[in-house]
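None of the figures in this text is laboratory data; all of them are computed from the coordinates on show. Quantities reported herein were computed from a predicted structural model and do not represent experimental measurements. Ideal geometry is used to build each Cβ from the backbone, glycine not excepted, and the neighbour counts take in all protein chains shown.
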Amino acid sequence: MAAHDPVTVTVTGAAGQIGYALLFRIASGAMLGPDVPVRLRLLEVPQAVRAAEGTALELTDCAFPLLAGLDVMDDPAKAFDGANIALLVGARPRGPGMERAELLSANAGIFSVQGRAINDGAAPDFRAVVVGNPANTNALIASAHAPDVPARRFTAMTRLDHNRAVAQLAAKAGAAVSEVRNVAIWGNHSASQYPDISHATVSGRAASSLVDQEWIEGQFIPRVSQRGAEVIAVRGGSSAASAANAAIEHMKLWIQGTPAGDWTSMAVPSDGSYGVPEGLFASVPVTAAGGDYAVVRDLDISDFSRSRIDASVAELAAERDAVRGLGLLT
Ligand code: NAD
Ligand code: LMR
């Protein structure tokens, strides 16, 4: 069998805490499989390049058989040249007293530059997942600045929210997480997201027959949608290993496919289905096969689900309008 060509994977924010939890697993084959060599490109801002070089020293010291190349850089044009896959983790965090417009503007600056570099240099089979917050809107900005790359090749991560929902439902039902199927995350990766178990099953039984609406509204939805804040409060830092794990799963499922009878959640550019305005990057349930994904069609949406989806989508539209208002999106 012919050896697989190395796949070029660009990771931004490589010196950050998610980067540190991500890079070693990618290099070990956890994302692309045990037969696929990877060339890693670590992109950082100039002041963090040295720290990323330290991570690169450690990657070298692991002697990973699949690590076919390793470069650290601060130039997006070089980082995305020939890239097959990008994990866009680096983003500007909200600082003390920082206005929302300032945060959107700082991140729009980052993701517009990266989008242009991707447009100019990425490989034809390029795929990206945006992890850096506000992830959905950052994906929209990157895609808008990469007009030659199909918009659907840009996605934002809600797999962490999906995993959080699976874990909470399994615990409530007293079942193994592997018994939970067809949980969905709708909308924004923010507190407005809608974690939906109306189509979910646990050990083949409808989840809605195992838990009541009071638990769904009073416990489950707040717990999942505010889990990021809970981790920050308890851990003293935002989620890192669980976010890295979700980013690996997001890409792995996209490339290798979702298991039969289940789906995952991903923020993808809307084609107008489920009442989401076209072009907004909203999380929806998707299946994947043959290296491509498809939005799950024709699900029944209850009035309760409708109102929750609409509220989160309205927040996405407001973020898009704010970025447009700053002149950062046409
Ligand atoms: P971190 O602050 O530890 O690391 C971020 C890194 O990004 C820093 O090293 C910084 O120098 C780098 N960076 C900033 N601008 C960059 C640029 N233009 N190019 C390259 N690198 C750049 O943060 P973290 O904990 O690793 O989190 C990263 C992002 O992921 C944050 O925005 C966080 O809110 C987000 N996040 C998202 C999810 C999700 O589920 N979507 C979950 C957890 C965290
Ligand atoms: C998470 O969901 O853990 C993060 O997006 C939280 C955050 O604000 O960084």
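Of note:
- Its Kirkwood hydrodynamic radius, worked out from the mean inverse distance over all distinct Cα pairs, puts the range 175-267 at 14.6 Å.
- Rel. contact order, % - alpha carbon contacts under 8 angstrom, at least six apart, the range 248-315: 29 percent
- Debye-sum result for the chain in log10 I(q)/I(0), which assumes one identical scatterer on each alpha carbon, at q = 0.09, 0.10, 0.12, 0.14 Å⁻¹: -0.45, -0.56, -0.81, -1.12
- Leu59, Leu88 arranged by Cβ crowding within 10 Å, fewest neighbours leading: Leu59, Leu88
- Positive-end extreme of charge dipole, the chain - chosen from Gly121, Tyr274, Ser209 (charges on Cβ): Ser209
- About its Cα centre, the chain has a charge dipole of approximately 320 debye under the convention of +1 per Lys or Arg Cβ and -1 per Asp or Glu Cβ, with nothing else charged.
- Note on Phe24 and Asp125: their simple-model spin labels are 2.9 nm apart, each label 7 Å out from Cα toward Cβ.
- With distances taken between every two different alpha-carbon atoms, the range 188-330 has a Kirkwood hydrodynamic radius of 16.9 Å.
- Applying 1/(1 + (r/R0)^6) with R0 = 56 Å to the Cβ-Cβ distance of Phe304 and Ala63 gives a FRET efficiency near 0.60.
- The value given for the range 97-242 is a Kirkwood hydrodynamic radius of 17.0 Å, derived from the mean inverse Cα-Cα separation.
- Dipole of the chain, positive end: most advanced residue of His4, Gly82, Gly33 [Cβ charges, Cα centre]: Gly33
- Relative to one another, the C-alpha centroids of the range 1-59 and the range 299-315 are positioned 37 Å apart.
- MRE, 222 nm, helices only [DSSP H, n ≥ 4, -39500 (n - 2.57), over the chain, to nearest 500]: -12500 deg cm²/dmol
- Linear extension gain, Glu53 paired with Asp74, 0.36 nm per residue minus alpha-carbon span: 6.4 nm
- Only Cα pairs under 8 Å and 6+ residues apart enter the sum, and on that basis the relative contact order of the chain stands at 16 percent.
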